[in-house]
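Shown next, in structure tokens, is the structure this report addresses.
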Amino acid sequence: MPHTSGRSARTRLRGWTLSELLIVLAMLALLLGLALPSHLQQQRQARRADARAGLQILLLDQARHRGLHGAFATDLDSLGWSSDRSPQGHYRLRITQAGTDAHVAEAWPDGPQARDTACAPMRLSLQGTATLVLSSGTSTDADPGRCWP
């Protein structure tokens, strides 16, 4: 007959109790509740680079158009754009003002990025020959949300 120790088979197969599992789940939920909002905010801030890139490409295309036609384009179609999306698709771009000496372009957040209300819209204005104004939100001449690092 095989030798058994003094412990019963029941104690050797002991696992987690329901209360231990609930405590672990509660701790995980608490950590997730603290970390998730911060993570989502970091994602929104990182995606702002997409708006900056799209507006900078638009600025270069506007400069090329002005050199050829003597005025800035009034719409994206005139620049040869087939879409109004930023390079990664998190923003919709549009030209809100255009003339011979100035233009204003805006990037509006779209999809999950639409929750980034502090920087809606991000705006790039070229005034005169070399005055570049980077703004965001309701301010047309400042960046209160610090969306343009």
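The values are calculated or read from the model by the stated rules, or taken from the named source; none is laboratory data. Here the structure is a predicted model, which is why all the values come from computation and not from measurement. Ideal geometry is used to build each Cβ from the backbone, glycine not excepted, and the neighbour counts take in all protein chains shown. Surface areas here come from the heavy atoms of the whole protein model, side chains and all, with no ligands, DNA or RNA. Shrake-Rupley method; radii C 1.70, N 1.55, O 1.52, S 1.80 Å.
In sequence order, what are the phi-derived ³J(HN,Hα) couplings for region 119-128 according to the Karplus relation 6.51 cos²θ - 1.76 cosθ + 1.60 with θ = phi - 60°, rounded to whole Hz, with x for glycine and proline?
10, 9, x, 8, 10, 10, 10, 10, 10, x
Please give the per residue volume of the convex hull enclosing the alpha carbon atoms of the chain, rounded to a whole number of Å³.
Convex hull volume per residue, Cα atoms: 182 Å³.
So what's the net charge close to residue 83: Lys and Arg +1, Asp and Glu -1, counting the other residues with Cβ under 14 Å from its Cβ?
My count for the surroundings of residue 83 gives -3.
Quick check: net charge around residue 109, other residues with Cβ under 11 Å of its Cβ, Lys/Arg +1 and Asp/Glu -1?
+1
Compute the helix-to-body angle for 18-69: its Cα long axis versus the longest principal axis of the chain, expressed 0 to 90° and rounded to tens.
Helix 18-69 and the main axis of the chain meet at about 20 degrees.
Just check region 73-132 against the gyration tensor rule for me: Cα atoms, a ≥ b ≥ c as the square roots of the eigenvalues, rounded for a/c under 1.5, and otherwise prolate or oblate depending on whether a/b exceeds b/c.
Cα axes put region 73-132 in the oblate bin.
For the pair residue 42/residue 127, report the inter-label distance in nm, with labels modelled 7 Å from Cα in the Cβ direction.
Here the answer is 3.8 nm between the modelled labels.
Can you pull the percent of the chain's accessible area that's carbon plus sulfur, 1.4 Å probe, other chains left in place?
58 percent
Averaged per residue, what accessible area in Å² does region 1-145 show with a 1.4 Å probe, protein chains only?
66 Å²
Give me the extension gain from residue 75 to residue 100: residue separation times 0.36 nm, minus the current Cα-Cα distance, reported in nm with one decimal. Mind showing how you got there, number by number?
Details: separation 25, 0.36 × 25 = 9.00 nm, distance 1.39 nm.
Taking 0.36 nm per residue and subtracting the Cα distance, the gain is 7.6 nm.
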